[in-house]
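The values are calculated or read from the model by the stated rules, or taken from the named source; none is laboratory data. Here the structure is a predicted model, which is why all the values come from computation and not from measurement. A quick note on method: Cβ atoms are made from the backbone with ideal geometry, for glycine too, and the neighbour counts reach across all protein chains shown.
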Amino acid sequence: MKYAVWLVRLWYAAWMIPAGLEHFIHIFPQPGYYTTRPLAHEMLFALLHSHMFDVVKAVELLTGIAVLLGFFTPLMLLVCMPVAFCVFWWDAPLSTWSFGSVMAGGRVLASDVLLCVAFVGCYRAMFPLRAKPPAMRQLVLAGRIIFGAWMLMSGANYLFLSLWPVPMGHEPLSMELMGAYVHSGLLTVAMLIQLVTGALLLTGLFAPAALCVVMPTSTCALYWAVLEHQPLPLLLALVAFALNGLLMLAYLDYYKGALRRSALTLGESGRATTWDTLFVHSKGRTPREHFIGALIPLAIVVWWYVRASPNVYPQWSLLVLLFPAIVLHARRLHDLGHTGWLLLVPAVLTVAAMMIWDHRLDWGAQLNFAVPLAALIVFVGFALWGCIGKGKAQSNAFGPPAMA
């Protein structure tokens with residue numbers, strides 16, 4: 001189980017970090033920028049013009065870093081779930097269900113879902129049948145009923161009743177963003193979420209999870225109200241967001257698992273065979289059997305990105321994978337009685353190869369071919385050395401030299 005989780009985790013980190021980073025430093029053109037599909041075009045440019053895309057890409061970048069480094073990973077996977085869903089929505093129904101696009105969006109959403117399942121132990125406390133806040137229970141009950149009724153009526157009005165119209169906005173940016181939400185069907189999804197979570201909050205069933213699920217819609221509503229510049233929508237959005245947040249604070253004990261700084265996934269046990277030990281912390285040693293087990297999912301993900309189409313920009317994903325590869329091999333070298341600094345050679349060659357691949361370096365046809373080939377040969381050589389070499393416990397008795 002843990003090897004499958006590591007494979008998904010490596011792939012997801014290598015995808016999300018470049019996807020988020022490109023928006024801020026433009027390492028490659030924004031995918032889909034020149035799409036001819038009307039709904040996809042409308043949604044993308046509404047997000048860009050409203051600067052909501054800045055938030056989306058920041059979440060992608062932070063999630064990728066968290067998944068890679070094991071830093072508040074369960075929390076960031078939850079934060080990124082709405083983004084992953086919207087990526088799928090943009091790549092599937094908004095892109096007329098094009099097979100390649102659906103597969104790309106489906107991989108992102110499936111990866112986030114599968115990793116959440118892998119951290120299920122961190123989320124289990126969020127699903128009590130009847131949650132009991134530790135203090136001010138009457139006040140929390142009143143707030144939960146008010147907020148639940150508000151969400152239920154808001155969702156029911158949009159989906160079934162039509163008692164009041166949807167506020168389409170007055171300012172250009174708010175009108176553009178709301179129009180994209182309506183035309184894309186994402187507003188219907190948001191209202192369905194409000195309907196279901198509102199019913200759960202009114203009945204008191206799974207309240208902590210319901211509050212977590214509805215928080216992205218409360219956040220988006222507040223963001224839209226800020227763009228609208230109208231006092232009443234802004235006040236209502238602020239009150240809804242505050243109620244949502246305060247109720248989550250009241251149920252804070254139920255979220256402590258999801259707020260862990262570091263957590264184990266399904267299949268991980270002990271210190272020797274965890275993600276953080278093998279792929280994050282270079283100090284220490286990794287014996288041959290653990291090295292081979294971790295090397296296999298890493299090699300599969302590297303192979304996938306090497307074979308990926310040019311539209312995926314695999315060179316940046318491979319640069320992300322260089323970090324866990326260096327850590328894993330450094331720990332193995334320590335077990336073999338050698339310094340991890342030997343890995344500077346394949347690391348420098350790999351960075352140079354990726355820059356050549358991305359047309360940022362040009363050393364002539366011969367060197368442009370030779371450098372990537374040398375990087376591959378040297379890294380494969382280190383991997384084979386790690387697979388066949390025998391550990392030298394005595395030489396490492398006082399610990400290996402640490403990599404900077």
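Here are the numbers for the structure shown:
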{"item": "Sole exception among (1) closer than 30 Å to residue 188 by Cα; (2) at pLDDT below 95 for residue 248, by number", "result": "(2)"}
{"item": "Check on residue 186, under 12 Å from residue 217 (Cβ atoms) and among the hydrophobic types (A, V, I, L, M, F, W, C)", "result": "yes"}
{"item": "Output for the stretch 245-280, where each listed residue is surrounded by 14 or more Cβ atoms within 10 Å (Cβ to Cβ), of a type in the set (Ser, Thr, Tyr) and either more than 17 Å from the chain's Cα centre (by Cα) or farther than 23 Å from residue 11 by Cβ (or both)", "result": "251, 254, 255, 273, 274, 277"}
{"item": "Residue, nearest to residue 42 (Cα to Cα), within the stretch 144-184, restricted to residues that are among the polar types (S, T, N, Q) and surrounded by 14 or more Cβ atoms within 10 Å (Cβ to Cβ)", "result": "184"}
{"item": "Count of the stretch 66-108 residues which are in a loop (DSSP other than H, G, I, E, B) and out of contact with any Ser or Thr (no Cβ under 9 Å at 6 or more places or on another chain)", "result": "3"}
{"item": "Where residue 237 falls short, out of the listed (1) in contact with a helix residue (DSSP H, G or I) (Cβ under 6 Å, 6 or more places away or on another chain); (2) touching a residue at least 24 places away in the same chain (Cβ under 8 Å)", "result": "(2)"}
{"item": "Meets criteria (farther than 26 Å from residue 38 by Cα, hydrophobic (A, V, I, L, M, F, W, C) and surrounded by 18 or more Cβ atoms within 10 Å (Cβ to Cβ)) for residue 226", "result": "no"}
{"item": "Test result for residue 285, crowded, with 20+ Cβ neighbours inside 10 Å, more than 25 Å from residue 173 (Cβ to Cβ) and modelled with pLDDT under 95", "result": "yes"}
{"item": "Only one of 16, 76 that is touching an Asp or Glu at 6+ places or on another chain (Cβ under 7 Å), crowded, with 19+ Cβ neighbours inside 10 Å and closer than 24 Å to residue 314 by Cβ", "result": "16"}
{"item": "Condition met for residue 308 (of a type outside the set (Val, Ile, Thr) and surrounded by 19 or more Cβ atoms within 10 Å (Cβ to Cβ))", "result": "no"}
{"item": "Lone qualifier among 111, 154 - being in a helix (DSSP H, G or I), more than 24 Å from residue 249 (Cα to Cα), touching a helix residue (DSSP H, G or I) at 6+ places or on another chain (Cβ under 8 Å) and of a type in the set (Ser, Thr, Tyr)", "result": "111"}
